[in-house]
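The values are calculated or read from the model by the stated rules, or taken from the named source; none is laboratory data. As the structure is a prediction and not an experimental result, all values here were calculated from the model. Cβ atoms come from the backbone with ideal geometry, glycine included; neighbour counts cover every protein chain shown.
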Amino acid sequence: MKIGITGAGGQLGQALVRYTMERVSPASVVAVTRHPDKLEEFSRQGVEVRAGDFNLPTGLLTAFQGIERLVIIPTGDLQPGVRRIQHTAAIHAAAASGVRHVMYISTVGARPDPNNELLDSHFATDQALINSGVAWTILRMSIYMETLLDPAKRAVSSGSYAAVPGAPAAYVVRNDIAAAAAGILTTPGHEGITYHATGPVSISQQEIAGAIGKTAGKPVAFTEITAAQQRAGLEAAGLPPFLIGIFAGFQEALRAGMFDLVTADVARLSGKPAQSPSAFFARTLGSTASTARG
């Protein structure tokens, strides 16, 4: 059986290739990427690396040939309307190439929302896959725990963690998502199921500050800011307006409780429990925390 992984050159894609190789022979894995030269390491280990670009659907017909199970990792293009076109083209190419089972890595809280390109494009892809006629599985992921790392490092240095308060969220480590996805790709019985890859606990912004301080061994205060202040910071950083709008909409969904969902799906699919925020900070803030204490 050939297992195909799109977006294999990205961080999630490369992690997924590695976890899949732990479960099946590398010769069974097909890594599809726009930049095959980035995956020479996998090629040397026996993975078949193929060129594939979601903006060139005819090329995907060749890239997907002979693949029985395929995972579609979302593209990074958040220009309005683009991603749903890319993903739909990939789903159609998979069906036309004879792929039997397609998994899509979506997001917790996917919903139709013309004012939120991120959530809207995920929902549109979910629906396109369900209606494609191909056996499907959807893995909806929570927010990457890694998005907390840079703010946490700044908080260790300054003694203050600034954020807009709101509902808690079950942040999840990227590798845990990859391990769960590999479990789906390499075992039977997942057709027609939507899973949710979340962290083991839902944590508020105030609790994040406390976890950072505990790791650093020094007080880290929570500093409340407003959504307007957060947006002004993005504007000052020079981000394009459409990205600021996407980020603001995402943060609004977070504060409203969209990601306040905890499941055991990561452990169920990967065979190991999802990493907690405290374990994540202990692993990633080691040198920063030591310097702050010194």
Pairs, first on the phi < 0 side of the Ramachandran plot in segment 150-161, second at pLDDT below 95 and among the β-branched types (Val, Ile, Thr), C-beta under 7 Å, six or more apart | LYS153/THR288; VAL156/THR288
Among the residues of segment 10-40 satisfying the criterion of being under 14 Å from the mean Cα position of the chain (by Cα) and among the small types (Gly, Ala, Ser), which is surrounded by the most Cβ atoms within 10 Å (Cβ to Cβ)?
-> GLY13
Limited to segment 190-203, what total is found for residues that are assigned to a loop (DSSP other than H, G, I, E, B) and either in contact (Cβ under 8 Å) with a residue 60 or more places away in the chain or closer than 21 Å to PRO273 by Cβ (or both)?
-> 7
How many residues does segment 249-276 contain that are among the small types (Gly, Ala, Ser), surrounded by fewer than 16 Cβ atoms within 10 Å (Cβ to Cβ) and under 20 Å from GLN206 (Cα atoms)?
-> 2
Which one is surrounded by the fewest Cβ atoms within 10 Å (Cβ to Cβ), of the residues in segment 111-150 that are more than 15 Å from the chain's Cα centre (by Cα) and at pLDDT below 95?
-> PRO114
Extreme residue, nearest to LYS218 (Cα to Cα), among residues of segment 141-173 that are aliphatic (A, V, I, L, M) and in a helix (DSSP H, G or I) | VAL156
Scanning segment 210-246 residue by residue, those under 13 Å from ALA162 (Cβ atoms) and part of a helix (DSSP H, G or I) turn out to be ILE212, ALA227, GLN229, GLN230, ALA232, GLY233
Among the residues listed as PHE250, PHE259, PHE281, the single one being part of a loop (DSSP other than H, G, I, E, B), in contact (Cβ under 8 Å) with a residue 24 or more places away in the chain and either in contact with a Ser or Thr (Cβ under 7 Å, 6 or more places away or on another chain) or among the aromatic types (Phe, Trp, Tyr) (or both) = PHE259
